[in-house]
1. Determine if region 137-144 includes at least one residue that is away from the ligand (no atom under 14 Å from the Cβ), farther than 17 Å from A206 by Cα, open to solvent by 20 Å² or more (accessible area, probe 1.4 Å) and polar (S, T, N, Q).
2. Of all residues in region 3-32, how many are among the β-branched types (V, I, T), without any contact (Cβ under 8 Å) to a residue 60 or more places away in the chain and in a strand (DSSP E or B)?
3. Tell me which helices (runs of 4 or more DSSP H) are completely within region 138-245 and hold 2 or more residues being of a type in the set (G, A, S) and touching an Asp or Glu at 6+ places or on another chain (Cβ under 9 Å), or say none if there are none.
4. Of everything in region 98-113, what is of a type in the set (A, V, I, L, M, F, W, C) and either within 16 Å of the ligand (Cβ to nearest atom) or at pLDDT below 95 (or both)? Give them in sequence order.
5. Within region 173-211, restricting attention to residues that are charged (D, E, K, R) and within 16 Å of the ligand (Cβ to nearest atom), which residue is nearest to the chain's Cα centre (by Cα)?
6. Consider region 48-83. How many of its residues are surrounded by fewer than 19 Cβ atoms within 10 Å (Cβ to Cβ), part of a helix (DSSP H, G or I) and within 16 Å of the ligand (Cβ to nearest atom)?
7. Sort through G86, G153, G95 and tell me the only one that's within 13 Å of the ligand (Cβ to nearest atom), among the small types (G, A, S) and surrounded by fewer than 19 Cβ atoms within 10 Å (Cβ to Cβ).
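The values are calculated or read from the model by the stated rules, or taken from the named source; none is laboratory data. What you are looking at is a predicted structure, and each value in this text was computed from that prediction instead of being measured. Methodologically, a virtual Cβ is constructed for each residue, glycine included, from the backbone with ideal geometry; neighbour enumeration extends over all protein chains shown. Ligands, DNA and RNA are stripped out before the accessible areas are found, and what is left, the full protein with its side chains, is counted by its heavy atoms. Shrake-Rupley method; radii C 1.70, N 1.55, O 1.52, S 1.80 Å.
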Amino acid sequence: MLAIIGGSGLTQLATLDLIRREVVRTPYGEPSGALTFGKLCEKPVVFLARHGYGHTIAPHRVNYQANLWALHNAKVDAIISVASVGGIRADLCPGTLVVPDQIIDYTWGRKSTFHESSDEPVVHIDFTEPYDDGIRQRILRAGAAAGEKVFDGGVYAATQGPRLETAAEINRLERDGADVVGMTGMPEAALARELGIPYAAINVVANYAAGRANSTNRICFDEIDLVLREAMGRVRKVLDHICEA
Ligand code: HPA
């Protein structure tokens, strides 16, 4: 069963044929909301809204451990994260869909491992390739089948939020090699790896990152809403094709 974690702009999957909702308790506390089980193009899918169904949980307050544990407990065999991002690279303009292939983590103070107990041996995971390439290719094939342009590859910078970045911070991220910037990619991807669940992401560029290509030099939230509303329609199309394949 495929799991979809929806971010800003995707708190529901209207195309999902709903079967049931399940409130899951975990040893790590409460997930962002009930797991929504349903079918997408006749295939079983479970959906979880990362920020809660009312979009009330800020990126630094998401219980990533509980979310990932709940999906693991539901025996999902893959996770696709949908997450909005700011575009740093000039060609990644608002509305662009990107399947990133690398991560740089700038977050802090988040519970980023399931192995926190001092009673157990230290656990290290290999994270050279943070996203599962099989799932990445599935998304890219589905994008092509859906006739939607999806960028293959990019470096995702995970920032702490909830504020957006300064222009100087974006310049630094660019020097570091980042192409897009978001607030939720970590520790989600690392926790999925710890649980052995193949994980990849569809990033939706909601805005030019701070200080980029904007005459007012401000980020306009009304524009972000409009961009996300349109782009999530295309994301749903790609998700349908993933399930159909
Ligand atoms: N920065 C960080 N996260 C984001 C942005 C951004 O500009 N846009 C959407 N998520």
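1. At the first step, the residues of region 137-144 found to be away from the ligand (no atom under 14 Å from the Cβ) are 137-144.
If we keep only those that are farther than 17 Å from A206 by Cα too, we end up with 137-144.
Pick out the ones that are also open to solvent by 20 Å² or more (accessible area, probe 1.4 Å) and you get 137-138, 140-141, 144.
Subsequent filtering for residues that are polar (S, T, N, Q) retains 137.
Within region 137-144 (the criterion being away from the ligand (no atom under 14 Å from the Cβ), farther than 17 Å from A206 by Cα, open to solvent by 20 Å² or more (accessible area, probe 1.4 Å) and polar (S, T, N, Q)), the answer is yes, since at least one residue qualifies.
2. Our first condition is that a residue be among the β-branched types (V, I, T); within region 3-32, this holds for 4-5, 11, 15, 19, 23-24, 26.
Imposing the further condition that a residue be without any contact (Cβ under 8 Å) to a residue 60 or more places away in the chain reduces the set to 11, 19, 23-24, 26.
Checking which are in a strand (DSSP E or B) leaves us with 19, 26.
Qualifying residue count, region 3-32: 2.
3. Details: elements: 167-176, 185-194, 221-244.
So the answer is 185-194.
4. Kept after step one, since they are of a type in the set (A, V, I, L, M, F, W, C), are these residues of region 98-113: 98-99, 103-104, 108.
Those that are of a type in the set (A, V, I, L, M, F, W, C) and either within 16 Å of the ligand (Cβ to nearest atom) or at pLDDT below 95 (or both): V98, I103, I104, W108.
5. Taking region 173-211 and keeping what is charged (D, E, K, R), we get 174-176, 179, 188, 193-194.
Now restrict to residues that are within 16 Å of the ligand (Cβ to nearest atom): 174, 176, 179, 188.
Values: E174: 20, D176: 21, D179: 15, E188: 8 Å.
Within region 173-211, the match that is nearest to the chain's Cα centre (by Cα) is E188.
6. Looking only at that region, the number is 2.
7. Matching residue, one of G86, G153, G95: G95.
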